[in-house]
1. Using Cβ contacts closer than 10 Å as the measure, can you line up Ser63, Ser140 from fewest to most?
2. Residue by residue, what Karplus-based ³J(HN,Hα) values in Hz, rounded to whole numbers, does the stretch 125-141 have, using 6.51, -1.76 and 1.60 with θ = phi - 60° and x for Gly and Pro?
3. Highest mean first, what order results for 102-115, 43-56 on Cβ atoms within 10 Å?
4. In deg cm²/dmol, rounded to 500, what helix-only [θ] at 222 nm does the chain give when every DSSP H run of at least 4 residues adds -39500 (n - 2.57) and the total is split over its residues?
5. Can you run the Rg to Rh ratio on the chain? Use alpha carbon positions and the Kirkwood inverse-distance Rh.
6. Calculate the spin-label point distance for Glu19 paired with Tyr150, positioning each point 7 Å from the Cα along the beta-carbon direction, and give it in nanometres.
7. Evaluate the charge dipole of the stretch 1-149 about its Cα centre and quote only its size in Debye, nearest 20, assuming +1 on the Cβ of each Lys and Arg and -1 on the Cβ of each Asp and Glu.
8. Going toward the positive end of the dipole of the chain, with +1 on Lys and Arg Cβ and -1 on Asp and Glu Cβ, which of Leu134, Gly41, Gly145 do you reach last?
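A short reminder: the numbers here are calculations on the coordinates, not readings from a lab. Just so it is clear, the structure is predicted and the values come from calculations on it, not from any experiment. All Cβ positions, glycine included, derive from the backbone under ideal geometry; neighbour counts span all protein chains shown.
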Amino acid sequence: MPGNQEEGFGLLANDKIKEFNSWRMKNLTVKLDFAGKDLEGKNISGAFLNGVVADRANFGRASIVGANFVQASLNGANFEGADLTDALLMYTEMKEARLTGANLTRANLMWANLQNADLTGSKMLHTVFVEANLQGAKVSGPRGGAYLKYAKLDGTAWFEAVPEKHH
């Protein structure tokens, strides 16, 4: 009998990523709906979360290194202070997501929809936004760390960080 998504979420919430990924591979037809779920401060690095619906979920301060969120729905999700280094976020819906202070080093957000998202203070180093929709998004920091080819930036408030003066 195939597992249900509560079983999958339980493995994820208890930092059992290997077990979750194994469960996921055996239950590929189960549509993961984690909308509104709380994973704050959890370590879900390397989790296979492609296609998950996690609108308004809380991933604040979570370790999400190398996780696969391809084609996920993460509208209004909270990623404040989360570590998304090397995360795959291609084709994700992330409208109004909160990514303030998140680490987006080498994260791939190609074709992601980040309309009205808040990326203020997020760390961007080799972050890929190719063809991403950043319309109305709030972003701070130098653009040099982001690869923005064909990205939609209309109405995007991108504030360059002012370097601190050392006395």
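1. So the ranking, lowest neighbour count to highest, is Ser140, Ser63.
2. Along the stretch 125-141, the couplings run 9, 6, 7, 9, 10, 4, 6, 6, 9, 10, 4, x, 6, 9, 9, 10, x Hz.
3. Ranking the peptides 102-115, 43-56 by packing returns 102-115, 43-56.
4. -3500 deg cm²/dmol
5. 1.01
6. Going by the 7 Å Cα→Cβ label model, 4.3 nm.
7. Using only the charged Cβ atoms, the result is roughly 300 debye.
8. Positive-most Cα among the choices belongs to Gly145.
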